[in-house]
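Here's the structure, in structure tokens; my notes come after.
The values are calculated or read from the model by the stated rules, or taken from the named source; none is laboratory data. None of these values were measured; they are calculated from a predicted model. Because the Cβ atoms are built from the backbone with ideal geometry, glycine has one as well, and the counts that use them run over all protein chains shown. Side chains included, ligands, DNA and RNA excluded: accessible areas come from the protein's heavy atoms. Shrake-Rupley method; radii C 1.70, N 1.55, O 1.52, S 1.80 Å.
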Amino acid sequence: MNTESFQNPDKDLNEMLDLYRNIFNHIFNWVVVVDTEGYVILLNKAYCDFLGVKQEEALGKHVTEVIENTRMHIVVKNQREEIGEFQKIKGNTMVANRIPIFKNNKLIGAVGTVVFKDLVEMESYVKRVRDMEKELQFYQEEFKKMTTGYTLEDIIGDSPEIEYVKKMIQKVANTKSNVLLEGESGTGKELVAQAIHHLSPRGDFPLIKVNCAAIPGELLESELFGYEHGAFTGSKKGGKLGKLEMANNSTILLDEIGDMPINMQVKLLRAIQEKEIERVGGVRSKKLDFRIIASSNKNLKELVAKQQFREDLYYRLNVVKITLPPLRKRDSDIEIIARYLIKKLSKDLGLGVTEVTPKALWVLKKYSWPGNIRELSNVIERALNLMDSEGRIDTDHLPPYLRESSSPLGLDQGLGLKEQVQKVERDSIKRALNKTKHNKLEAAKILGISRTSLYKKIEEYGL
Ligand SMILES: Nc1ncnc2c1ncn2[C@@H]1O[C@H](COP(=O)(O)OP(=O)(O)OP(=O)(O)O)[C@@H](O)[C@H]1O
Ligand SMILES: [Mg+2]
């Protein structure tokens, strides 16, 4: 609008009126407006064309003379809107909305619109919406699989130890309590966290994960709490949403919580107690509802004793503790998990291998699995890669360190189970390091443990 039109309000009004008239005539939908008696005040061009009447002739006529089967005159009389009503015009069944209009609580007329010009059009809309809904549902399910992935059925095994874990998962899923998952590397802590979340009423929201060991201490705060715009140099424009905020109404998995620096532990404890957070550089705090599942492959109680973990936070997280048994403590599960993994990985690799020889199975059962199920999975994947598309996994397909270590186990007289396990663990690590010429990343991969775990073991065994 230019300055001239401000100086001449009438011109402005006329221009606006012209604009509205134009829009009204060009609306694709069909529109009619009647006065309080049911006489046509407005009828847009598209509607006129369909009805086969001239606009100037239709205006001023009673609506019943212009539109077949209309109820606009009834709507102004009853002053009650009619939405989605069928109306037959020229043999076509249309869907119409009729709405009375009021000014200062007084009726001034009614507006009628044809929403669908015939049932075919409506059906095609409905079909499109249904198709879109189906597509949406597909993506929602895919998204759910990606984020919450695993359920109780994915936790394989029927040993009393794992059955107890499954029972605990079911019990705890319905509560809001924080859960602490302890267990060696590769025992399935993440799997269990996902199953708890998936089974809980929060399962429709994505599970938010933070690996406390992988994020440098100084970045962990903004990762968890987020930051406001301009909180520090190099911060992202507009700030950043923290993982705790993302986990509102959902669950946050704090992986490797034992590695969380003490100052962050203090801040996390406060967030749990107050049930609210403050972004870095923020002034206001925000109420949140998140559930924490913390996991650790270290014994947190021991860390508390060594003053590396705050006792108060430990008790806040340890409302329910689930300890995942190492594979060697439930060796009756080795066969069933191995068979499951063979089928699953074979399918992923496009192979038809589903069997394992009794001898190979014996080796698998005898081994101590320091890297637990992750290691077992890696061993099976490796075996499958050495095979043709058919056949059975045999001892030849298993890594040498596994074959060798399985034979003397149990023959070391005078050694308790713990010492035997340690011996096997030490030997396995040594072999993996030799094999990879001390490439730790490669060795960790072979062993199916994280590089950090490997470093710790190397230190522990003085290798
Ligand atoms: N009971 C089980 N049945 C089938 N697969 C399992 C089971 N437990 C673990 N796995 C598989 O083993 C692998 C390791 O499990 P997961 O990542 O949950 O271990 P983790 O305890 O979180 O280990 P880390 O401490 O190293 O992070 C995953 O691929 C997981 O799917
Ligand atoms: Mg994990």
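Here are the numbers:
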| item | result |
| --- | --- |
| Residue pairs, from the table LYS134/LYS344; LYS45/LYS103; LYS189/LYS456, whose Cα atoms sit over 24 Å apart | LYS134/LYS344; LYS45/LYS103 |
| Set of aspartates and glutamates near LYS54 by C-alpha distance (under 18 Å), chain-local residues within fewer than 8 positions excluded | GLU65, GLU68 |
| Unsatisfied cross-links (Cα-Cα over 31 Å) in the set LYS237/LYS301; LYS321/LYS457; LYS298/LYS347; LYS306/LYS440; LYS11/LYS88; LYS243/LYS437 | LYS237/LYS301; LYS298/LYS347; LYS11/LYS88; LYS243/LYS437 |
| Full-stretch length increase - ASN78, VAL126 - with 0.36 nm per residue and alpha-carbon distance subtracted | 14.2 nm |
| Sequence-distant residues sharing a close amide H with GLY109 (under 5 Å, placed H) | ILE101 |
| Linear extension gain, LYS236 paired with LYS88, 0.36 nm per residue minus alpha-carbon span | 47.4 nm |
| Segment TYR20-TYR315, extension gain: residue separation times 0.36 nm, minus the distance between their alpha carbons | 99.5 nm |
| Distance in nm between pseudo-label sites at SER177 and LYS347 (7 Å out along the Cβ direction from Cα) | 3.5 |
| TRP30 long-range amide H proximity, modeled H, under 5 Å | VAL114 |
| Sulfur and carbon atoms: percent of accessible area, the chain [1.4 Å] | 52 |
| Surface accessible to a 1.4 Å probe, per residue, for the residues of the range 329-461, Å² | 53 |
| Convex hull volume per residue for the range 1-130, taking Cα atoms only, in Å³ | 148 |
| Label-reachable residues, the range 175-210, where backbone N falls under 19 Å from a point 7 Å from GLN137's Cα toward its Cβ | 204-205 |
| Rounded to whole Hz, the Karplus (6.51, -1.76, 1.60) HN-Hα couplings of the range 176-183, x for glycine and proline | 9, 4, 5, 10, 10, 10, 10, x |
| Relative counts (whole %) of C-alpha pair distances in the range 148-323, using bins that are 10 Å wide | 10, 38, 35, 14, 3, 0 |
| Intensity falloff of the chain expressed as log10 I(q)/I(0), Debye formula with alpha-carbon point scatterers, at q = 0.10, 0.11, 0.12 Å⁻¹ | -0.85, -0.95, -1.06 |
| For the range 224-319: accessible area per residue (Å², 1.4 Å) | 50 |
| Amide H contacts under 5 Å for ILE89, placed H, 5+ residues apart | MET94 |
